[in-house]
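One structure is given below, encoded as structure tokens.
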Amino acid sequence: MKKTRIFAAVAIAAFIAVACSGDKTPWIWKIEGKSVTLKQLDSAYSGFGVLMKEQLQQTMGRFIPEDEFAQLLEDPERSGNPQLTEMFKRFGKDQFAEQYKDMLILNMEAQKDGFAKRADIKAKLEFLQKYFTANMYLFDQLKLQDIKISDAEAYAAWEKAKREDARLRTIPVDQGLEMIKGRMVMGAAMEKQRTIMKNATQKYRIETNKDFDIAEHVKSIREEARKKREAAAAQQAAPAPAPTPTAPATPKK
């Protein structure tokens, strides 16, 4: 199951372009005679790291600076948390390498079979490219590393949090301050994100079709689906018709 979860993320990372010119790093594999080098692996791994870091921040509930993230990748034991240590070991470059090789092979299969040329697949790839471009741009603009929370601000927020939630009173102060700083950074990031989106939206002329309501459109689709489901359930619950009685056979003379 662990390999499946990692591979799912790797498959998404496949859509991040990798360009390696003048590559003099050692090759790791040759697939159909074409070398896959350490530089190519590093480039792919950096794309995978974007996803991994986002997942880790959601798990830990706080922002993780780039230098801390890089250190945890190099030395998972430094986390001091057995679960995080195991997670970083699973996400190590050595573990990623095997998944990357599988991804390259499957991409070659997809190209050979014409799968990547299908209109529905192109539409999905176009969305994924836009999704990652938008999110990576947003992260770059947020500059989370520049959001600073002082110890005094964190301590005041921690004391307030403990008054509101008695369960927090059993957490050591150092862990509590780290947790509350993470929350405050993410809160500041959300506010900054709203400002970025507001400023960006104001730069473009956006028109809304008053003759089409997407909410009503979705509502009608769901209503139609509900009616079909209820009709199918009613048909299954209806008693089977009684067999038609047959006339008694006429005795032979």
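Summary of values
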quantity: Residue in segment 62-71 that is in contact with a Phe, Trp or Tyr (Cβ under 8 Å, 6 or more places away or on another chain), without any contact (Cβ under 8 Å) to a residue 24 or more places away in the chain and of a type in the set (Val, Ile, Thr) present; calculated: no
quantity: Filtered residues of segment 42-63 (kept if touching a helix residue (DSSP H, G or I) at 6+ places or on another chain (Cβ under 6 Å) and among the aliphatic types (A, V, I, L, M)); calculated: Ala44, Leu51
quantity: Qualifying residue in segment 156-164 (condition: within 26 Å of Gly80 (Cα to Cα), under 27 Å from the mean Cα position of the chain (by Cα) and not acidic (Asp, Glu)); calculated: no
quantity: Tally, over segment 30-85, of residues that are of a type in the set (Lys, Arg) and not in a helix (DSSP H, G or I); calculated: 3
quantity: Counted residues, segment 180-214 - those being modelled with pLDDT of 95 or more, farther than 15 Å from Leu138 by Cα and part of a helix (DSSP H, G or I); calculated: 0
quantity: Of all residues making up segment 160-206, the number that are closer than 13 Å to Ile149 by Cβ and of a type in the set (Lys, Arg); calculated: 2
quantity: When residues of segment 142-155 are limited to those that are within 21 Å of the chain's Cα centre (by Cα) and surrounded by 11 or more Cβ atoms within 10 Å (Cβ to Cβ), the one nearest to Met197 (Cα to Cα); calculated: Leu142
quantity: Qualifying residue in segment 159-168 (condition: surrounded by 15 or more Cβ atoms within 10 Å (Cβ to Cβ), modelled with pLDDT of 90 or more and either within 23 Å of Glu66 (Cβ to Cβ) or assigned by TED's automatic domain parsing to the domain that holds Glu66 (or both)); calculated: no
quantity: Candidate set from segment 84-120 (those that are touching a residue at least 40 places away in the same chain (Cβ under 8 Å) and basic (Lys, Arg)); member that is nearest to Leu38 (Cα to Cα); calculated: Lys93
quantity: Number of the exception - Gly22 against (1) part of a loop (DSSP other than H, G, I, E, B); (2) exposed (fewer than 14 other Cβ atoms within 10 Å of the Cβ); (3) touching a helix residue (DSSP H, G or I) at 6+ places or on another chain (Cβ under 8 Å); calculated: (3)
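The values are calculated or read from the model by the stated rules, or taken from the named source; none is laboratory data. Everything numeric in this text was worked out from a predicted model, so none of it was measured. A quick note on method: Cβ atoms are made from the backbone with ideal geometry, for glycine too, and the neighbour counts reach across all protein chains shown.
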